[in-house]
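J.: Okay, here's the structure, questions in a sec.
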Amino acid sequence: MSALDEVPLAQPVLGEREEELVLEVLRSGQLSLGPRVPAFEQAFAAFVGAPHGSAVSSGTAGLHLGLRAAGVTDGDEVVTSPFSFVASANAVIFERARPVFADIDPRTLNLDPQAAEAALTERTTAVLPVHIFGYPADVPAFERFGLPIVEDACEALGARHADGVAVGARGHAASFGFYANKQLTTGEGGMVLTGDPAVKARMDSERNQGRAPDMGWLDHDRLGFNYRMTDLQAAIGIAQVERLAGMLADRKRVAGWYRERLAPLATELGLGLPCEDSGGDERGWFVWVVQVPHGVDRDATIRALREHGVQSKPYLPAIHLMSFYRERYGHREGEFPVCEDIAARSVALPFFPDMAESQVDRVESALRTVLRAS
Ligand SMILES: *Cc1c(COP(=O)(O)O)cnc(C)c1O
């Protein structure tokens, strides 16, 4: 690649196998409610090590169905992280419940169990931990609250808890997302893993307008949605599961190059790096997010990186400070200081399985130049 080519932020791995399986579906004439969806569900659940999977149209749809299956309803409170993609909190509001935020752990950037415990009230009916940037949230600690848990595992495919259980395979409803930048993509799509066959049956029905599996075309015994995944998406998903172990290994290799190249910038300039795996927890690499040193203008850093041909973006903004959440719940600065500090300094760097070592070098040298100048 020439020095003038931009290093993109993300890039999916798609090949002949995806083309072949999508073509089969096109030629079969059955584009939805066909055999590919259950085949993808089984392959994905088996890969992670969970008993059941319910494929849906997005990770957000999966969170919504998971919260419904957990019984979350009007006026309930769900304790969750303010440092997440907005979908995890929005899904709570879909059920007319309230997302109650608690601050994050400064090392893992995940919901802090002690802060979460302090946020519990008699109206709390569920906890929604987010495995942010693929690092396992402390789900075992949340299990001790004795409340239903719905996991946002949308960024955590390939992650593992210290006790050896894969993220998403603890039996709680755990939603994964398959947008094009995720570890596995179907274009758009999602999957909820669960250990409970009744939860699987309920989600299968609710994604399809509330129809029971043995019911006729237009009979419905409960409220439902159209959260179906198409067979075209499922076909891509099957091909992606086949190459998943390789893609995850590739991400891990790229992450290692980043760790090695950027460690000096952490020591010399105070750049914040993703935490290393600790205590047996294993990250499933999704993004490479750094925090610019205190006092450095994050948005100016992103503009300057762009001038050096490196794409990057602010990732993630604090949910409670978004205008919708401020207006609806009266949130303001200062409520969750760890989250606010991290959110204000975070930058996602280019990161994808096929990233070349020379591209990581270009990011490092651009970042070094930009930080030295600021
Ligand atoms: C991607 C993502 C989602 C939503 O996934 P969609 O498939 O885009 O609906 C939810 N939560 C987190 C943390 C995510 O990264």
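J.: Here are the criteria: (1) over 25 Å from Arg283 (Cβ atoms); (2) away from the ligand (no atom under 16 Å from the Cβ); (3) in contact with a His (Cβ under 9 Å, 6 or more places away or on another chain). Tell me which single one Ala45 does not satisfy.
T.: Of the numbered conditions (1) over 25 Å from Arg283 (Cβ atoms); (2) away from the ligand (no atom under 16 Å from the Cβ); (3) in contact with a His (Cβ under 9 Å, 6 or more places away or on another chain), the odd one out for Ala45 is (1).
J.: Hey, any hits in the range 69-77 for a residue that's crowded, with 16+ Cβ neighbours inside 10 Å, closer than 25 Å to Glu282 by Cβ and either within 12 Å of the ligand (Cβ to nearest atom) or not assigned by TED's automatic domain parsing to the domain that holds Pro274 (or both)?
T.: no
J.: Specify which of the listed residues (Leu120, Leu111, Leu65) is in the same structural domain as Met203 (by TED's automatic domain parsing), within 16 Å of Arg170 (Cβ to Cβ) and not hydroxyl-bearing (Ser, Thr, Tyr).
T.: Within the list Leu120, Leu111, Leu65, the selection yields Leu111.
J.: Continuing with the same structure: So is Leu23 within 21 Å of Ile236 (Cβ to Cβ) and touching a Lys or Arg at 6+ places or on another chain (Cβ under 8 Å) or not?
T.: For Leu23, the condition - within 21 Å of Ile236 (Cβ to Cβ) and touching a Lys or Arg at 6+ places or on another chain (Cβ under 8 Å) - is not met.
J.: List pairs: first residue in the range 354-374 and among the small types (Gly, Ala, Ser), second residue surrounded by 14 or more Cβ atoms within 10 Å (Cβ to Cβ) anywhere in the structure, Cβ distance under 7 angstrom, at least six positions apart or on different chains.
T.: From the range 354-374, the pairs are Ala366/Leu305; Ala366/His308; Ala366/Val310; Ser374/Val296; Ser374/Thr301.
J.: Does Ala115 satisfy being closer than 23 Å to Ala245 by Cα, small (Gly, Ala, Ser) and either within 16 Å of the ligand (Cβ to nearest atom) or open to solvent by 10 Å² or more (accessible area, probe 1.4 Å) (or both)?
T.: No: the conditions fail for Ala115.
So that you can scan it fast, the table gives a plain yes or no per residue for (1) within 20 Å of the chain's Cα centre (by Cα); (2) more than 12 Å from Gly66 (Cα to Cα); (3) more than 16 Å from the ligand (Cβ to nearest atom); (4) not in a loop (DSSP other than H, G, I, E, B):
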position: Leu157; (1), (2), (3), (4): yes, yes, no, no
position: Ala174; (1), (2), (3), (4): yes, no, no, yes
position: Lys182; (1), (2), (3), (4): yes, yes, no, no
position: Val192; (1), (2), (3), (4): yes, no, no, yes
position: Asp204; (1), (2), (3), (4): no, no, yes, yes
position: Ala212; (1), (2), (3), (4): no, yes, yes, no
position: Arg228; (1), (2), (3), (4): yes, yes, no, no
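J.: Scan the range 140-152 and tell me whether some residue there is assigned by TED's automatic domain parsing to the domain that holds Arg96, within 16 Å of the ligand (Cβ to nearest atom), surrounded by fewer than 16 Cβ atoms within 10 Å (Cβ to Cβ) and part of a strand (DSSP E or B).
T.: Taking every residue of the range 140-152 in turn, none turns out to be assigned by TED's automatic domain parsing to the domain that holds Arg96, within 16 Å of the ligand (Cβ to nearest atom), surrounded by fewer than 16 Cβ atoms within 10 Å (Cβ to Cβ) and part of a strand (DSSP E or B).
J.: Just give me the residues in the range 35-54 being over 18 Å from Ala166 (Cβ atoms) and open to solvent by less than 10 Å² (accessible area, probe 1.4 Å), in sequence order.
T.: none
J.: Any residue at all in the range 13-27 that is within 14 Å of the ligand (Cβ to nearest atom) and touching a residue at least 40 places away in the same chain (Cβ under 8 Å)?
T.: Scanning the range 13-27, I find no residue that is within 14 Å of the ligand (Cβ to nearest atom) and touching a residue at least 40 places away in the same chain (Cβ under 8 Å), so the answer is no.
J.: To continue, here is another question. Could you list, in sequence order, the residues of the range 254-274 that are open to solvent by 10 Å² or more (accessible area, probe 1.4 Å) and either assigned by TED's automatic domain parsing to the domain that holds Ala55 or under 20 Å from the mean Cα position of the chain (by Cα) (or both)?
T.: Hits for the range 254-274 are Leu273, Pro274.
J.: Inside the range 230-248, can you point out the residues that are exposed (fewer than 13 other Cβ atoms within 10 Å of the Cβ) and either in a loop (DSSP other than H, G, I, E, B) or aliphatic (A, V, I, L, M) (or both)?
T.: Passing the criteria: only Ala245.
J.: Filter the range 279-309 for residues that are over 24 Å from Gln11 (Cα atoms) and either free of Cβ contacts under 8 Å to residues at least 12 places away in the same chain or within 16 Å of the ligand (Cβ to nearest atom) (or both) and give the result.
T.: Scanning the range 279-309 gives a single hit, Gly295.
J.: Sticking with this one: Looking at (1) within 18 Å of Ala46 (Cα to Cα); (2) open to solvent by 10 Å² or more (accessible area, probe 1.4 Å); (3) assigned to a loop (DSSP other than H, G, I, E, B), which is the one condition that is false for Lys200?
T.: For Lys200, the exception is condition (3).
The values are calculated or read from the model by the stated rules, or taken from the named source; none is laboratory data. All figures in this text were calculated on a predicted structure; none of them were measured in a lab. Please note: Cβ atoms are built from the backbone with ideal geometry, for glycine as well, and neighbour counts cover all protein chains shown. The accessibility values were calculated without ligands, DNA or RNA, using every heavy atom of the protein model including side chains. Shrake-Rupley method; radii C 1.70, N 1.55, O 1.52, S 1.80 Å.
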